[in-house]
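**Q** After the structure tokens below, expect a handful of questions from me.
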């Protein structure tokens with residue numbers, strides 16, 4: 001799929017649902033003086049959303065209108081870098097947008113499924129110091145079409161190993177770009193045909209957004225990037241906690257679970273001597289257990305500018321055992337894509353010449369991280 005520079009109202013092809021595509025076709029018909037019966041809308045929608053074919057390559061449509069369609073429905077993403085790791089099981093893209101912004105998308109193959117991790121913003125304003133994206137600052141929100149097209153590109157790559165799960169865990173904070181993110185959720189479910197129950201929206205803890213999600217019709221999963229279960233430490237690791245502390249976050253999560261009946265998960269990046277001690281595990285279990293939350297544990301990926309490292313396998317095992325012993329439900333996730341900088345923001349940092357930790361000067365979070 002190729003990228004063009006302009007489109008109707010500055011939009012890209014996957015900003016349009018079926019009704020939007022009908023409007024585009026009507027404009028193309030007017031410009032070309034072509035009579036286009038209504039079934040052409042169905043052909044265009046089927047080609048783009050189910051067959052995953054670029055408009056200019058849709059042989060079911062008249063050849064005379066395809067160049068106009070290509071101009072009216074440009075691709076949002078131009079591949080800047082593509083990396084393959086884990087013996088072909090992980091693919092990561094760095095995509096360039098029409099304004100030059102860079103975003104990342106990761107496709108991960110598992111035994112019975114493929115999962116794509118999509119970005120919702122170029123950069124991020126949440127300023128989590130251990131996150132490579134958080135060190136970059138915020139560029140802009142992605143459009144609905146830019147989000148959806150990441151899934152389309154991943155599905156084209158996956159081929160017969162179809163994408164069955166989408167996680168909104170890439171660059172950016174999805175709930176800070178709520179309207180476009182939720183429109184993408186609706187597009188993925190209604191147009192691409194993915195099950196809402198296989199869509200997971202992640203957040204660092206934007207409480208109003210979590211409450212708003214609970215009122216939506218589609219029952220998607222909620223994942224919270226927790227990383228600490230006491231306010232003092234979480235204030236340092238996840239600065240938004242100063243605005244929405246743990247008690248308020250727990251109340252919003254409980255409301256979401258009660259209203260939607262969907263799974264709640266907590267993400268916990270294990271950082272050596274910071275949040276991987278037994279007392280941290282005890283606090284996590286006490287916090288997660290009343291909410292019925294499942295905890296995903298993963299050692300911190302190497303992050304340029306961050307003054308510490310991920311936990312050792314021994315500490316990871318001890319931490320997980322302590323969570324379980326206290327009645328928590330935890331899974332240690334296998335790190336994917338470290339050989340291709342697949343953690344959020346790493347590939348973009350490397351592309352910008354900031355991939356070497358010795359070449360950056362990023363301060364750690366405010367306050368003094370407590371020693372182990």
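The values are calculated or read from the model by the stated rules, or taken from the named source; none is laboratory data. Every value quoted in this text rests on a predicted model; they were computed, and no experiment measured them. All Cβ positions, even for glycine, are placed from backbone atoms using ideal geometry, and neighbour counts span all protein chains on display.
**Q** Of everything in segment 18-60, what is modelled with pLDDT of 95 or more, part of a loop (DSSP other than H, G, I, E, B) and surrounded by 14 or more Cβ atoms within 10 Å (Cβ to Cβ)? Give them in sequence order.
**A** 52, 53, 54, 58
**Q** Please work out if residue 116 is touching a helix residue (DSSP H, G or I) at 6+ places or on another chain (Cβ under 6 Å) and surrounded by 19 or more Cβ atoms within 10 Å (Cβ to Cβ).
**A** Yes.
Residue-wise test of (1) touching a helix residue (DSSP H, G or I) at 6+ places or on another chain (Cβ under 9 Å); (2) touching a residue at least 40 places away in the same chain (Cβ under 8 Å); (3) not assigned by TED's automatic domain parsing to the domain that holds residue 267.
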| site | (1), (2), (3) |
| --- | --- |
| 184 | yes, yes, no |
| 195 | yes, no, no |
| 198 | no, no, no |
| 202 | yes, yes, no |
| 206 | yes, no, no |
| 213 | yes, yes, no |
| 218 | yes, no, no |
| 222 | yes, yes, no |
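**Q** Among the candidates 251, 247, 236, 232, which residue alone is more than 21 Å from the chain's Cα centre (by Cα) and crowded, with 19+ Cβ neighbours inside 10 Å?
**A** Only one candidate qualifies: 236.
**Q** Also, I was wondering about something else. Are any residues in segment 272-283 touching a helix residue (DSSP H, G or I) at 6+ places or on another chain (Cβ under 6 Å), surrounded by 20 or more Cβ atoms within 10 Å (Cβ to Cβ) and in a helix (DSSP H, G or I), and if so, which ones? Let's see the steps before the verdict.
**A** Of the residues in segment 272-283, the ones touching a helix residue (DSSP H, G or I) at 6+ places or on another chain (Cβ under 6 Å) are 276, 278, 281.
Filter again for surrounded by 20 or more Cβ atoms within 10 Å (Cβ to Cβ), leaving 276, 281.
281, the sole residue that qualifies.
**Q** Of (1) touching a helix residue (DSSP H, G or I) at 6+ places or on another chain (Cβ under 7 Å); (2) in the same structural domain as residue 184 (by TED's automatic domain parsing), residue 58 satisfies all except one. Which?
**A** Of everything listed in (1) touching a helix residue (DSSP H, G or I) at 6+ places or on another chain (Cβ under 7 Å); (2) in the same structural domain as residue 184 (by TED's automatic domain parsing), residue 58 misses just condition (2).
**Q** Looking at (1) assigned by TED's automatic domain parsing to the domain that holds residue 172; (2) touching a residue at least 24 places away in the same chain (Cβ under 8 Å); (3) part of a loop (DSSP other than H, G, I, E, B), which one does residue 116 not meet, given that it meets all the others?
**A** (3)
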